[in-house]
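Single-structure report; data block below.
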2 protein chains.
Amino acid sequence: MTPFFRRLLAACVASLVSAAALLAQTDPLPSWNDGAAKKAIVDFVQTTTTQGSPKFVPPAERIATFDQDGTLWVEHPIYSQVMYCLERVPAVVKAKPELANVEPFKTVMSGDREAIAKLSMEDLEKIAFATLFGMSVDDFTAEATKWTSSAKDARWKRPYTELTYQPMQEVLKYLRANGYKTYIVTGGGQDFVRTYSERVYGIPPEQVVGTAGATKYGYDKDGRPFLTKEAKLVLNDNNAGKAEGIHLMIGRRPHAAFGNTAGDQQMLEYTGAGDGARLMMLVLHDDAKREYAYGPATGLPDTKVGTFSQALYDEAKKKGWTVISMKNDWKKIFAFE
Amino acid sequence: MTPFFRRLLAACVASLVSAAALLAQTDPLPSWNDGAAKKAIVDFVQTTTTQGSPKFVPPAERIATFDQDGTLWVEHPIYSQVMYCLERVPAVVKAKPELANVEPFKTVMSGDREAIAKLSMEDLEKIAFATLFGMSVDDFTAEATKWTSSAKDARWKRPYTELTYQPMQEVLKYLRANGYKTYIVTGGGQDFVRTYSERVYGIPPEQVVGTAGATKYGYDKDGRPFLTKEAKLVLNDNNAGKAEGIHLMIGRRPHAAFGNTAGDQQMLEYTGAGDGARLMMLVLHDDAKREYAYGPATGLPDTKVGTFSQALYDEAKKKGWTVISMKNDWKKIFAFE
């Protein structure tokens with residue numbers, strides 16, 4: 001080869017390499033396989049953020065809402081906040097020894113896993129009220145922060161906060177890079193999720209809408225004011241409560257909404273009822289190997305609590321919402337894979 | 001003069017002019033007179049935003065909250081939202097003719113200004129419930145937007161939305177330019193204030209915390225979902241409710257809080273109870289000529305509703321909160337002056 005051709009070849013290789021690097025760099029969703037789901041997200045972002053596009057959305061109105069459990073992180077076989085409540089029971093019983101012989105606390109204290117797994121929704125509510133309320137906001141925040149920093153999931157032996165879906169983390173970042181404000185709209189406890197949302201998802205506490213209790217303002221013995229968590233619901237952020245909670249806490253209709261269970265249906269409907277471009281997506285848990293398979297993929301209930309969301313997926317089909325198959329649409333599930 | 005000296009002189013003049021322009025440009029609070037209040041604001045911003053300062057506040061935690069009525073705009077002699085409710089009464093009576101002979105609607109319909117001015121707090125609440133609830137969120141937003149775009153204050157003959165205090169608009173902008181998220185935390189209706197907050201204050205709806213009612217999710221005859229405003233309070237955003245509302249809707253303790261009446265006391269206490277640099281300020285209405293004089297400046301009640309905030313100003317002195325004298329600290333009150 002002449003020196004001239006050698007230089008030419010080198011130049012070609014170099015530009016191919018940098019083009020590939022650029023391409024890799026500019027794919028905002030590297031953990032997604034090409035397909036309808038990835039395309040729906042990219043098309044939505046391009047359509048709503050390209051100046052002059054007929055479906056352009058002004059930056060101030062770019063709101064995207066995400067369910068958490070089962071949409072941003074693992075919810076199976078049990079919500080991690082329920083684990084938090086169960087693990088808090090010994091401390092509660094220590095403070096109120098009379099609870100040791102009262103159900104459902106007695107069962108939880110027995111450590112009998114099978115019996116605990118059979119606790120009813122009503123039992124779980126009793127446990128939630130006993131473990132989440134009656135303390136100061138500051139004490140609760142300290143306890144919850146300590147727990148989420150150390151408690152581990154039984155299957156992956158990792159903190160729950162590492163069990164977020166890498167493809168969804170990419171969607172959050174991609175939307176934010178395009179001027180969207182990302183919100184979590186969760187049936188979980190607002191105060192609980194706010195203790196880690198910034199660290200785990202890059203979502204600040206003020207952009208977390210969740211099931212919320214009242215607080216009561218008072219003063220300690222030194223006259224310093226503090227808030228106490230009261231056992232009184234202000235917002236039950238599930239089902240219709242998600243649309244109502246979005247109005248209460250955000251005051252704008254989202255342009256994009258992501259969910260996975262029946263509790264997310266109204267949030268997606270409410271989002272879809274707005275004008276212009278709207279993106280409604282559902283995460284289908286159909287990957288028994290890499291995560292779990294339940295719900296419409298299998299006929300098994302969504303969570304321990306036993307909601308079936310077949311009707312939701314039927315409606316999704318009717319309304320043209322996009323279903324994300326974890327098995328087919330996601331190259332990887334977790335960042336640590 | 002030799003050409004050389006002429007050029008030198010011209011250069012000197014030019015640099016003096018541009019230095020003056022720069023100085024004018026860099027005063028973030030041009031409508032404020034020099035004094036303790038202006039200094040407190042500038043010191044707070046510099047202390048909390050200068051990297052390496054012992055009181056540096058990370059950008060994510062820069063939250064500042066502002067009462068609206070009497071702090072950001074005129075509240076005397078009557079809250080503009082009360083005017084809105086009163087002016088909505090004919091439409092409500094038209095829809096429900098049986099109210100025409102029921103108090104307090106009868107008095108409002110009579111047009112007797114003196115009698116209307118004597119309506120009790122309880123009467124005003126009845127009027128508020130009848131005029132603010134029972135309609136869809138979308139209808140309410142349309143009505144309120146129409147009203148605030150046209151209704152005028154009796155004294156200045158200008159839209160209420162022009163009666164914002166120019167010095168406070170400068171504080172909002174100055175804080176935002178330094179990475180603070182500015183929130184309105186108002187006893188007024190959250191849905192009402194959100195209809196104009198962005199246009200009037202540059203504060204988006206999601207950063208307005210106010211007295212809020214529940215909404216109810218439902219479907220119209222075409223199956224399109226919508227929210228109806230229910231006559232059921234979720235948050236009474238006054239007094240202790242302001243601290244509780246901040247926790248519910250923001251989830252962080254503010255670093256700066258601005259108020260003017262007794263309803264703001266707990267917000268300022270809660271702000272002041274945090275660590276590090278905190279700024280608590282009260283607007284004193286002591287300018288009968290350019291605006292109004294009432295409250296601690298005169299012994300007259302704060303508003304039509306009759307709250308006295310003398311105790312608040314006594315506490316301010318004890319706790320070292322900064323009082324803003326409208327008369328002495330503000331060069332101008334309104335942008336249109």
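Descriptive notes on the structure:
- Amide H contacts for residue B:32 (H built 1.01 Å from N in the peptide plane; partners 5 or more residues away or on another chain; cut-off under 5 Å): B:331.
- Inter-copy label distances at residue B:202, shortest first and taken from points set 7 Å along Cα to Cβ: 2.6 nm.
- A cut-off of 5 Å between modelled amide H atoms, ignoring neighbours fewer than 5 places along the same chain, links residue B:73 with B:165.
- Take the accessible area of B alone and of A alone, subtract that of the pair with a 1.4 Å probe, and the total buried over both chains is about 3100 Å².
- Taken one residue at a time, the phi angles of region A:57-64 give Karplus couplings (6.51, -1.76, 1.60, θ = phi - 60°) of 10, x, x, 4, 9, 7, 10, 10 Hz. Gly and Pro are set to x.
- Relative contact order, whole percent, for chain A stands at 21, derived from Cα pairs under 8 Å and 6 or more residues apart.
- Working from Cα pairs under 8 Å separated by at least six residues, relative contact order for region B:91-162 is 17 percent.
- Think of chain A as having a plus end and a minus end, set by charges on the Cβ of Lys, Arg, Asp and Glu; of A:46, A:74, A:189, A:46 sits farthest toward the positive end of this dipole.
- With a simple spin-label model that places each label point 7 Å from the Cα along the Cα-to-Cβ direction, the separation between residue A:155 and residue B:138 comes to 4.2 nm.
- Net dipole in debye of region A:209-337 [+1 Lys, Arg Cβ; -1 Asp, Glu Cβ; about Cα centre; nearest 20]: 180 debye
- Burial annotation for region A:232-258: residues with an accessible-area loss of at least 40 Å² between the isolated chain and the complete set of protein chains, computed on heavy atoms with a 1.4 Å probe, are A:234, A:244, A:247, A:248, A:249, A:252.
- Positive dipole terminus of region A:148-298, leading residue within A:219, A:203, A:273 (C-beta point charges): A:219
- Placing +1 on the Cβ of every Lys and Arg and -1 on the Cβ of every Asp and Glu, with no other charges, gives the protein assembly as shown a dipole of roughly 1880 debye about its Cα centre.
- Test item: A:134-142 mean partner chain Cβ contacts at 10 Å: 1
- Other residues whose C-beta falls under 9 angstrom from the C-beta of residue B:63 contribute a net charge of +2, scoring Lys and Arg +1 and Asp and Glu -1.
- Region B:256-337: C-alpha gyration tensor shape, a/c 1.5 cut-off, then a/b vs b/c: oblate
- At an R0 of 25 angstrom, the distance between the Cβ atoms of residue B:300 and residue B:103 translates into a FRET efficiency of 0.35.
- Label-point spacing at residue B:273 relative to the other copies reads 3.9 nm, in ascending order, each point sitting 7 Å out from Cα along Cα→Cβ.
- For region B:320-337, backbone phi angles converted through the Karplus equation (6.51, -1.76, 1.60; θ = phi - 60°) give residue-by-residue couplings of x, 5, 9, 9, 9, 8, 4, 5, 9, 8, 10, 5, 9, 9, 10, 5, 7, 5 Hz, Gly and Pro being listed as x.
- Per-peptide packing, taken as the mean over residues of other Cβ atoms within 10 Å, places A:57-69, B:76-88 in the sequence A:57-69, B:76-88 from highest down.
- Peptide A:213-223 is shielded by partner chain Cβ atoms: per residue, an average of 3 of them sit within 10 Å of its Cβ.
- Across peptide A:198-211, the mean count of Cβ atoms from other chains lying within 10 Å of each residue's own Cβ comes to 2.
- Per residue, the convex hull spanned by the alpha carbons of chain B comes to 189 Å³.
- For chain B, the longest principal axis of the alpha carbon atoms and the long axis of helix B:166-177 meet at an angle near 70°.
- C-alpha center-to-center spacing [region B:192-250, region A:254-298] in angstrom: 25 Å
- Of the accessible area of the protein assembly as shown, computed with a 1.4 Å probe over protein heavy atoms only, carbon and sulfur atoms account for 57 percent.
- With coordinates expressed along the principal axes, the C-alpha atoms belonging to region A:116-168 extend over 35, 32, 21 Å, beginning with the largest.
- Near the amide H of residue A:283, within less than 5 Å, lie the amide hydrogens of A:259, A:260, A:324, all on another chain or at least 5 residues away, with H placed in the peptide plane.
- Which listed pairs, of B:242/B:331; A:216/B:317; B:157/B:289; A:55/A:327, have C-alpha distances above 20 Å, in listed order: B:242/B:331; A:216/B:317; A:55/A:327
- For region B:131-205, the fraction of C-alpha pairs farther apart than 21 angstrom is 34 percent.
- Shape of region B:54-143, Cα gyration tensor, a/c cut at 1.5: prolate
- Entry comment: accessible area of chain B is 45 Å² per residue, from protein heavy atoms only and a probe of 1.4 Å.
- Residue B:318-residue B:289 FRET efficiency (beta carbon distance; Förster radius 30 Å; 0.05 resolution): 0.50
- Region A:126-152-region B:165-180 distance, computed between alpha-carbon centres (Å): 37 Å
- Computed about its Cα centre, the charge dipole of chain B is approximately 960 debye, with only Lys, Arg, Asp and Glu carrying charge at their Cβ.
- Size descriptors for region A:189-316 (Cα atoms only): Rg and Dmax, in that order, 17.7, 58 Å.
- Take residue A:43, move 7 Å from Cα toward the beta carbon, and the resulting point lies 6.0 nm from the same point in each other copy, nearest first.
- Both radii come from the Cα set of the protein assembly as shown: Rg as radius of gyration, Rh as Kirkwood radius; their ratio Rg/Rh reads 1.02.
- From phi via Karplus (6.51, -1.76, 1.60), per-residue ³J(HN,Hα) for region B:272-285 in Hz, x at Gly/Pro: x, 7, x, 6, x, 6, 9, 10, 10, 9, 10, 8, 9, 8
The values are calculated or read from the model by the stated rules, or taken from the named source; none is laboratory data. Keep in mind that this is a model prediction, so the values were computed, not measured. Positions of Cβ are backbone-derived with ideal geometry, glycine not excepted, and every protein chain shown enters the neighbour counts. Accessible surface areas use protein heavy atoms only, side chains included; no ligands, DNA or RNA. Shrake-Rupley method; radii C 1.70, N 1.55, O 1.52, S 1.80 Å.
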